[in-house]
Amino acid sequence: MGSMGFTLADRLGAKSLPCSVPGCSRTWIQMAGKALALARPDGANGGEISTMCEPCRKKAEVVKDEARPCDRPGCDLTWTWKAADQLQAFATGRGAPKRLCDSCETRLAALADQEVPCAVEGCERKGVFSARDQLLAGAPDQMVTAPPTMCGPCAGVYAKIKDRAVPCAVRACRNKWTWGKDAQIQAYAAGLPNEAPKRLCESCQTAFGELAEKPVRCRTSGCKNTWGWSVREQLDAIQPGKPAPKPAHRMCQRCLETFAKLKDVERPCRRPGCKRTWTDKRGAQLARAVRGKTGDPFPRYCSECERELGDMQDRPVSCKTDGCPGTWTWTREAQLAAGVRPLPPLTNGTTSAPKASAPETVVAQESAPAVEAVEAFQGQENPEESPEGHEATAESVAAPGGANRSAPQGAGGGKKRRRRHRRREIHPPERRCEGCVEFLRDRKTLEIPCQHCGTLIFWPPESQLQTKLGHWAQPTQCGACKRDATEAARAAQREALRHPGAESPGTDNGAPAQEQEPVPPAGASASASPAGVEEESAPTAAPMSQSNDTLAPGA
């Protein structure tokens with residue numbers, strides 16, 4: 001490099017010029033004056049080869065026209081590949097082109113391009129079956145069927161895309177699946193965005209199978225409609241390594257619209273006298289609406305009454321029929337309606353009671369049996385069968401010896417008298433057991449003729465029940481016959497007392513005495529005897545001091 005920044009090429013007048021071969025991107029150096037004559041071979045000045053780059057110039061010196069075979073299958077003719085075309089293909093790096101001979105070119109001119117549907121599924125555009133492709137396929141010598149051909153836009157996109165690896169649609173899965181070129185070009189033809197669809201990898205596909213939208217029944221009780229469980233929601237619910245997920249509990253569209261219009265409603269407690277309320281939820285209202293029930297719901301207890309009801313138990317109560325060993329059940333619902341309250345339990349399992357001082361211990365012990373009798377009936381009730389008249393409001397049981405027994409005062413006299421709080425005692429209603437009810441259901445009053453005079457004796461169902469229990473006997477004599485027999489027996493007794501050893505006028509040569517009715521047992525209640533039927537007493541045990549004119553009870 002010389003001084004002042006000039007190079008040797010600048011001093012010789014050298015210039016860099018592009019190669020004259022079309023498509024070549026190389027350059028060559030041009031010298032001025034005598035230097036140009038020294039740089040070029042003889043005869044090169046002004047020649048076409050002189051404007052080429054060095055590689056092209058060397059190729060041009062050896063290249064010449066070449067005969068190439070026709071590109072149509074079955075044709076034996078050739079076509080000429082010019083030297084200039086070969087030099088241009090060398091400069092651009094292309095190979096030998098595929099062309100037709102002159103005869104095939106003449107046939108090609110007689111053919112025309114044809115429009116065929118695009119080979120991509122879902123594309124509505126048309127592809128072109130060119131005349132050259134028809135000639136190569138055998139036209140016009142034979143009928144040619146167009147091969148699958150893409151339209152211009154699909155062919156351009158298909159040449160640019162390639163297979164893509166897409167993550168599995170399951171969030172917790174780290175595997176991938178391949179989105180092929182064919183699937184991508186179909187999405188392009190359908191106008192979808194260039195986003196891979198949600199799909200399972202191979203392992204998840206094997207575990208969960210093909211996913212599709214599933215119809216699931218509505219969660220509302222009584223509703224038979226369904227809602228669609230989408231594929232995306234199923235994919236979000238899938239967990240790798242676990243069984244297939246179950247659909248969520250969801251309402252159908254109709255129930256959702258109805259549910260949005262409903263509100264929670266406060267309704268009164270079903271227990272008479274309770275002023276609290278319970279909440280009628282929207283879900284329960286929807287369930288009734290689905291079943292076509294538009295009225296008020298079935299009455300319920302408030303939370304406080306529900307708690308008290310849970311602390312109670314059903315209690316057996318004796319049948320009100322005298323002498324019946326059966327019982328009936330006083331349900332806890334009926335007890336609550338009657339006003340029975342559960343006693344708060346202590347840690348040792350006993351009921352709580354107020355503490356008493358030492359002087360009152362005797363009073364508490366004396367009143368304990370009465371209190372236990374009261375507590376025995378606490379916690380029993382049936383709202384359907386216990387009318388308000390059966391809710392007894394008797395006063396609490398007091399200790400023997402006085403209702404207000406006070407403790408003795410001390411020496412100071414400063415202690416006050418303690419008043420005992422009276423507890424309200426609630427008795428269960430009077431009812432018959434199931435056996436007595438079943439016996440009396442279809443019974444009617446019997447008409448029994450008297451064995452002596454034929455008078456009808458009316459025997460009601462209640463008396464028949466006592467007969468069934470074995471407490472009474474069915475009558476065979478009317479009241480008048482019983483009275484006559486009783487008077488005759490008393491007269492015989494009087495005669496026997498007046499004349500000892502004499503035969504009784506009521507007997508005739510050893511004839512049997514008149515038949516007597518059996519006497520009811522002592523355990524049977526006199527109040528349960530039927531009207532119109534008189535009970536028979538034993539006249540043989542009458543004492544001497546008894547008046548002879550007095551009749552036995554029931555005569």
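Values quoted throughout were computed directly from the atomic coordinates according to the rules given, and no laboratory measurement underlies them. If you're wondering where the values come from, they're calculated on a predicted model, not measured in any experiment. A quick note on method: Cβ atoms are made from the backbone with ideal geometry, for glycine too, and the neighbour counts reach across all protein chains shown.
Quick notes on this structure:
- Linear extension gain, R232 paired with S50, 0.36 nm per residue minus alpha-carbon span: 58.4 nm
- Taking 0.36 nm per residue of sequence separation and removing the Cα-Cα distance, the D102/L497 pair yields an extension gain of 125.0 nm.
- At an R0 of 30 angstrom, the distance between the Cβ atoms of R68 and S20 translates into a FRET efficiency of 0.75.
- Cα centroids of the range 251-326 and the range 164-210: 53 Å apart.
- Comparing W472, A492, C453 along the charge dipole axis of the range 443-496, the residue lying farthest to the positive side is W472, per the Cβ-charge model.
- Distance between modelled label sites at T467 and E266, nm, 7 Å Cα→Cβ extension: 6.2
- Per-residue Cβ neighbour rank within 10 angstrom, fewest leading, H499, H452: H499, H452
- Segment N175-L111, extension gain: residue separation times 0.36 nm, minus the distance between their alpha carbons: 17.8 nm
- Computed from Cα atoms alone, the Kirkwood hydrodynamic radius reported for the range 48-195 is 19.7 Å.
- In the range 154-278, the convex hull through the Cα atoms has an average projected area of 12.8 nm², a quarter of its surface area.
- Exposure proxy shown here: for H471, H249, the number of other Cβ atoms within 10 Å sets the order, fewest to most, as H249, H471.
- Rounded if a/c under 1.5, otherwise prolate or oblate - the range 443-496, Cα gyration tensor axes: oblate
- Alpha carbon convex hull of the range 262-305, projected area averaged over orientations, nm²: 3.1
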